[in-house]
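Notes to accompany the following structure.
The values are calculated or read from the model by the stated rules, or taken from the named source; none is laboratory data. Predicted model only: the values in this text are computed from it and were never measured. A quick note on method: Cβ atoms are made from the backbone with ideal geometry, for glycine too, and the neighbour counts reach across all protein chains shown.
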Amino acid sequence: MVCFLAPWTATANPLGRAGPIPGAFFSLSQIGAVDAAIVAVYFLLMVVLCVYGLHRYQLVYRFYRHRDRATGEPGARFSELPAVTVQLPIYNERFVVEALLGAACRLDYPRNRLEIQVLDDSNDETRHIARETVEQLKSLGYPIEYYHRANREGFKAGALREGLSKARGEFIAVFDADFSPPRDFLQRTIHYFIDPKTGAVQARWTHRNRNHSLLTQLQAILLDGHFVFEHGGRARSGCFFNFNGTAGVLRRSMIEDAGGWQCDTLTEDTDLSYRAQMRGWKYVYAPQIEVPSELPSDMVSFQVQQARWAKGLIQTAKKLLPRLLRAPLPARVKIEALFHLTGNLSFPLMAVLFALLVPAMTVRSLWGNGALLAPDLFLFLGTFSSLSSFYLMAQKELFPDNWSQRIVLMPLVVAAGVGLMINNCVAVLEALCGVQSPFERTAKYSSDPRQARLARRKYRRRSRWLPAANLAAGTYFVLCLFHALRLENWWAIPFLLVFVFGYYFTGFTMLNEERGGGRRFEGPNLSGRTPRSVARLS
């Protein structure tokens, strides 16, 4: 930042030395050791981030390379349906709990083979609404039970573990409060378990409020990439992938064999998934089975959710990677697990990269703006290009008729990822340092506008320091933008604009929500556009 305060003159270069103006070509011998070290560290960080970016291309390659291994419908079926326990873990969900219980009771499955557990850790009026609803449903003959814990020990993992101790089912289906399982969900998933090695079946999430706002559209695109290429590529190529904690069915004996639900990470689902697959259990991904859910409709809830996932994956990496890398597993499985579990390390690496941005641009200007164009192009393809192409190709798979309309959203998808950097960086550093934190739920709002307004007033979190931090970061990149213009570094300007937009969009959105503003950023009008049947994605 000192560079911005220096009184530059037409006869001084940006480092304050006498010499030619920016743009002249200098040899390395004319650059000091500190300057060379800055550029070296900058490019080293870019290379590491590029490797993680290129890994996205690898997932896409695996998805298409192994299309013949796509999961089809079960080849055999149970002659007698096994017993299933449906677990519904909830915590302060007063505006969606009735819809959740209704959807669970509408599942098409023999009542004498079905058990529904409402695992309620709520400390507000949700517990009264849930208890009364359960009593009404029981009086109608539905096999549903209500369990309330006086404490949240172990959070969601603790609730699932306690419910499992009372469960009668051989198989366990789990749905979070904002999910609405279709009637045929169990009929379509249970028969995969006729293979005794199958430990879990994961369905694909869809989103009821996908077109609610620009924020929800961007989130939907991010999750589409996860469910199409991350899960699809890993599952098709025989690598480990994770149960997502909801919209899936697990074999009870698998849970117990893998060591049960454990609460020492914030991603208990990924933790269990890796432990189970290391024990030889097979996970099945069935994307043709879709379960509608609700995306966070406010920026703070989105940030909380993403930070929890980022921190939990790093915690899982610390816990399981040493054991996994020593296990007798194929190298491709180990390498893919390494990328999967450590991917969020990119956030603190990006923070360091951004801190070096101004001095690196200044030093590089002494070499001439075109001197490093070749490595710049390579690093661009591995970082920003890999992000946008990864998510755009997922849209093409899901929306073949109008995927091109979403091209305009791709820079905004990258910007949305940029806006996660500060909060996720803190979460990752906490995980690396062993700082424990509670499981922060993602606020769920009703689809009814009036109920949604009440829910926002009741459950919305304070954004605390996040708006100021994001606006400060956005301002930093505005200064970087002016610095690039002064140095005539035209190649950097489009990317700096993405950073400026990402941080300002995040910061101003949270400020608007903090004031209780009802205005939301509208995305392109894509209402009524629904994905095709994804049979070939299965």
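Would you pick out the residues in region 186-244 that are β-branched (V, I, T) and out of contact with any strand residue (DSSP E or B) (no Cβ under 6 Å at 6 or more places or on another chain)?
Passing the criteria: I190, I194, T216, I221, V228.
Are any residues in region 32-86 in contact (Cβ under 8 Å) with a residue 60 or more places away in the chain, hydroxyl-bearing (S, T, Y) and closer than 23 Å to D195 by Cβ, and if so, which ones?
T71, T85
Taking region 483-497 only, how many residues are surrounded by fewer than 19 Cβ atoms within 10 Å (Cβ to Cβ), among the hydrophobic types (A, V, I, L, M, F, W, C) and not in a helix (DSSP H, G or I)?
0
Name the single residue, out of those in region 131-163 being among the aromatic types (F, W, Y) and outside any loop (DSSP other than H, G, I, E, B), that is surrounded by the fewest Cβ atoms within 10 Å (Cβ to Cβ).
Ranking the qualifying residues of region 131-163, first place goes to Y147.
What number of residues within region 144-174 satisfy the criterion of being of a type in the set (G, A, S) and under 29 Å from the mean Cα position of the chain (by Cα)?
So the count comes out to 6.
Of the residues V34, V60, V39, only one is at pLDDT below 85, assigned to a helix (DSSP H, G or I), surrounded by 15 or more Cβ atoms within 10 Å (Cβ to Cβ) and of a type outside the set (K, R); which?
Matching residue, one of V34, V60, V39: V39.
If we scan region 240-250, do we find a residue that is aromatic (F, W, Y) and either without any contact (Cβ under 8 Å) to a residue 24 or more places away in the chain or in contact with a His (Cβ under 8 Å, 6 or more places away or on another chain) (or both)?
Yes, that holds for at least one residue.
Being closer than 22 Å to R252 by Cβ and either crowded, with 19+ Cβ neighbours inside 10 Å or of a type in the set (A, V, I, L, M, F, W, C) (or both): is that true of D176 here?
Answer is yes for this residue.
Condition check: in a helix (DSSP H, G or I) and surrounded by fewer than 22 Cβ atoms within 10 Å (Cβ to Cβ). Does L223 satisfy that?
Yes, satisfied.
Evaluate the following for T270: is it within 30 Å of L466 (Cβ to Cβ), among the β-branched types (V, I, T) and in contact with a Gly (Cβ under 6 Å, 6 or more places away or on another chain)?
No: the conditions fail for T270.
Considering only region 320-436, give the helices (runs of 4 or more DSSP H) lying wholly within it that have at least 1 residues that are modelled with pLDDT of 90 or more and crowded, with 18+ Cβ neighbours inside 10 Å.
Answer list for region 320-436: 331-342, 346-355, 384-398, 410-419, 421-433.
Mind counting the residues in region 74-96 that are surrounded by 13 or more Cβ atoms within 10 Å (Cβ to Cβ) and assigned to a loop (DSSP other than H, G, I, E, B)?
Result for region 74-96: 10.
Hey, could you check region 101-127 for residues that are in a helix (DSSP H, G or I) and modelled with pLDDT of 95 or more and say which is surrounded by the fewest Cβ atoms within 10 Å (Cβ to Cβ)?
Once the filter is applied, the top-ranked residue is N112.
So which of R520, R464, R529 is in contact with a His (Cβ under 8 Å, 6 or more places away or on another chain) and modelled with pLDDT under 90?
From the options R520, R464, R529, the qualifying one is R520.
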